[in-house]
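This report refers to the structure that appears directly beneath it.
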Amino acid sequence: QVQLVESGGGLVQPGGSLRLSCASSGRTFSNYAMGWFRQAPEKEREFVAAINWSGGITSYADSVKGRFTISRDNAKNTVYLQMNSLKPEDTADYYCASRWSVVLITSPKQYVNWGQGTQVTVSS
């Protein structure tokens, strides 16, 4: 019922910036909590950032706090992840996720809709 499509990944040099987008379709977007997760090769999927339905409350992993910014445009049914000061350890496949909820969600176990992922590589 809900489809998520990520875009914006690619190759970037250390210290550079990248903006990921996640477009949602199928059901109403405004009442969905949204999150970004990432998974490096041979590593478990980890939390990156989350945003509540209205966009007024956000949460970030300590590893990205101060460098990444999550935002959403409910009119466009899209959530964004602005990534600045990128480091090689940020290299991973990035996934967006959603779940109908009026509260912010950070646990991957509570998200029910997932995108296909977009690859981010930070390298010289």
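For the reader, a short list of remarks on this structure follows.
- Net +/- balance of residues flanking LEU20 in space, Cβ distance below 13 Å, scoring K and R +1, D and E -1: 0
- Choice from THR78, THR58, THR28 showing the highest fluctuation, given a GNM over the chain with Cα pairs closer than 10 Å: THR28
- For segment 1-121: accessible area per residue (Å², 1.4 Å): 51
- For the chain, DSSP calls about 95 percent of its internal beta bridges antiparallel.
- Karplus-derived 3J(HN,Hα), 6.51/-1.76/1.60, for each residue of segment 42-57, Hz, glycine and proline x: 6, 10, 7, 5, 10, 5, 10, 7, 8, 9, 7, 4, 8, x, x, 10
- The modelled label-to-label distance for the pair ALA61/GLN13, using points 7 Å beyond Cα in the direction of Cβ, is 2.6 nm.
- Inter-part distance where segment 16-67 and segment 71-111 are each reduced to a Cα centre, Å: 1
- Candidate lysines for bridging to LYS65, where Cα separation is under 20 Å - those fewer than 8 sequence places away on the same chain excluded: LYS87
- For segment 44-124, the dipole from Cβ point charges (+1 on Lys and Arg, -1 on Asp and Glu) about the Cα centre works out to 240 debye, to the nearest 20.
- Net charge over other residues, Cβ less than 15 angstrom from the Cβ of SER124 (K, R count +1; D, E count -1): -1
- Kirkwood hydrodynamic radius of the chain, from the reciprocal of the average inverse Cα-Cα distance over all distinct pairs: 14.2 Å.
- Measuring gaps between exposed loop sites in the chain (trypsin sites (Lys or Arg not before Pro); DSSP loop; at most 12 other Cβ atoms within 10 Å), the longest gap, sites not included, is 66-124.
The values are calculated or read from the model by the stated rules, or taken from the named source; none is laboratory data. In this text the structure is predicted, and so the values were computed from the model without any measurement. No Cβ is skipped: glycine too gets one built from the backbone with ideal geometry, and neighbour counts run over all protein chains shown. The area values use the complete protein model at the heavy-atom level, side chains included, leaving out ligands, DNA and RNA. Shrake-Rupley method; radii C 1.70, N 1.55, O 1.52, S 1.80 Å.
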